Amino acid sequence: MAYQDSFSIDSVATERMFAHLRQHAAWGAEWEMPLWRLMHFSQPEEMKLQLHGARIAIRETAADEDEALGLMLELSDWDYVIHRHFHIPDVKSAQHRFEEMEQRLQCAPLGDFSAVVLNYKKIVLRSYAYYRLTHAIKVDEVAVLLSCIPPPLRPSLLWYHIGTIGYVTEHLPFVELAYQEQLVNATGWLDDRYWLRTNMMYLILTGRVQKRDVLETIRRYEHFQHIGDMKFLFFPKLEKLGLVDDEVLAAYEVRWQELQMLRRELPRLTVRTSGMFDKN
């Protein structure tokens, strides 16, 4: 096995990934895309530097208050994401980081741009609420937030979160919508992983999942950060269906070990002040 770098996006993919940022999609590619890639390469300290640099850039270059608020809201969940993914030693717990995100999203928008970003991030917050187990997710509330984001301004990652909410609340229409969107709006960034995840959600909720689906999904995981979905997100429901037996557990352990070996092959990235980066 060899590590495969799955980072490959063009201008069309950038527009899909940052559709909610509209004319600022290029800003997303320059400042936020490096955060995703640094997370993929397991570099939390560099992510902190990148996040700090992005916030400084907003303060220095935003054209007006609406733009500044919208871009700051776009970064509002990253402190929590870094903490949750890497368990960074810090005086604040992941729960506190989550509460900080909640507080940031209680603001009032200052224009059309920040309003769209705010509604999107409120959906993201409800998706993350599943991991924190802090409060029940209200499907109707999410549907209203989704309706406030015009279809042309719905970013590709929105469907990751809509699918998660649909799965944990067993609201199949959300999973079906995510499934449909991910089939036709590829970005070049982890498309197979997102589709694989939503496909398993769909199979479980519709009662169509079989043991071979579970084994094939385990086999197709390509990154150590992603395989945890199987254990923490899917196994609880699969166990109730009688589909987690010794063979499945052994397959999971083998693949988990293989991906931990690949983790050692990850190249290092160096953050530039412009928001871009190089491989070392």
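Cβ-Cβ distance below 6 Å, separation of 6 or more or different chains: which pairs start in segment 169-186 with a residue that is over 20 Å from ALA13 (Cβ atoms) and end on one that is of a type in the set (Phe, Trp, Tyr) and surrounded by fewer than 18 Cβ atoms within 10 Å (Cβ to Cβ)?
none
Only residues that are among the hydroxyl-bearing types (Ser, Thr, Tyr) and more than 20 Å from ALA19 (Cβ to Cβ): list them for segment 67-81, please.
Passing the criteria: only TYR80.
Could you run through segment 161-180 and say how many residues are surrounded by fewer than 19 Cβ atoms within 10 Å (Cβ to Cβ) and either polar (S, T, N, Q) or within 26 Å of PHE113 (Cβ to Cβ) (or both)?
Matching residues across segment 161-180 total 3.
Of all the helices (runs of 4 or more DSSP H) wholly in segment 94-150, which have at least 3 residues that are more than 18 Å from PRO173 (Cα to Cα) and either modelled with pLDDT under 95 or under 16 Å from the mean Cα position of the chain (by Cα) (or both)?
94-104, 112-132
Out of the residues in segment 60-93 that are in contact (Cβ under 8 Å) with a residue 24 or more places away in the chain and assigned to a loop (DSSP other than H, G, I, E, B), state the one that is farthest from LYS121 (Cα to Cα).
For segment 60-93, the residue satisfying everything is ILE88.
Can you name the condition, by its number, that GLN50 falls short on among (1) touching a residue at least 12 places away in the same chain (Cβ under 8 Å); (2) out of contact with any Lys or Arg (no Cβ under 9 Å at 6 or more places or on another chain); (3) surrounded by fewer than 19 Cβ atoms within 10 Å (Cβ to Cβ)?
(3) is the only condition that GLN50 fails.
Filter segment 155-182 down to the residues that are among the hydrophobic types (A, V, I, L, M, F, W, C), assigned to a helix (DSSP H, G or I) and over 21 Å from GLY207 (Cα atoms) and list them by number.
Answer for segment 155-182, where residues must be among the hydrophobic types (A, V, I, L, M, F, W, C), assigned to a helix (DSSP H, G or I) and over 21 Å from GLY207 (Cα atoms): LEU158, TRP159.
So is ALA57 modelled with pLDDT of 85 or more and in a helix (DSSP H, G or I) or not?
On the way: modelled with pLDDT of 85 or more: yes; in a helix (DSSP H, G or I): yes.
It is true that ALA57 is modelled with pLDDT of 85 or more and in a helix (DSSP H, G or I).
Does segment 37-47 hold any residues that are part of a helix (DSSP H, G or I) and either crowded, with 17+ Cβ neighbours inside 10 Å or of a type in the set (Val, Ile, Thr) (or both), and which are they?
Within segment 37-47, ARG37, LEU38, MET39, HIS40, GLU46, MET47 meet the criteria.
Which of (1) exposed (fewer than 12 other Cβ atoms within 10 Å of the Cβ); (2) at pLDDT 85 or above is the odd one out, the single condition GLU216 does not satisfy?
Of (1) exposed (fewer than 12 other Cβ atoms within 10 Å of the Cβ); (2) at pLDDT 85 or above, only one is false for GLU216: (1).
The values are calculated or read from the model by the stated rules, or taken from the named source; none is laboratory data. What you see is a predicted model, and the numbers here were worked out from it, not measured in a lab. Every residue, glycine among them, receives a Cβ derived from its backbone with ideal geometry; neighbour counts consider all protein chains shown.
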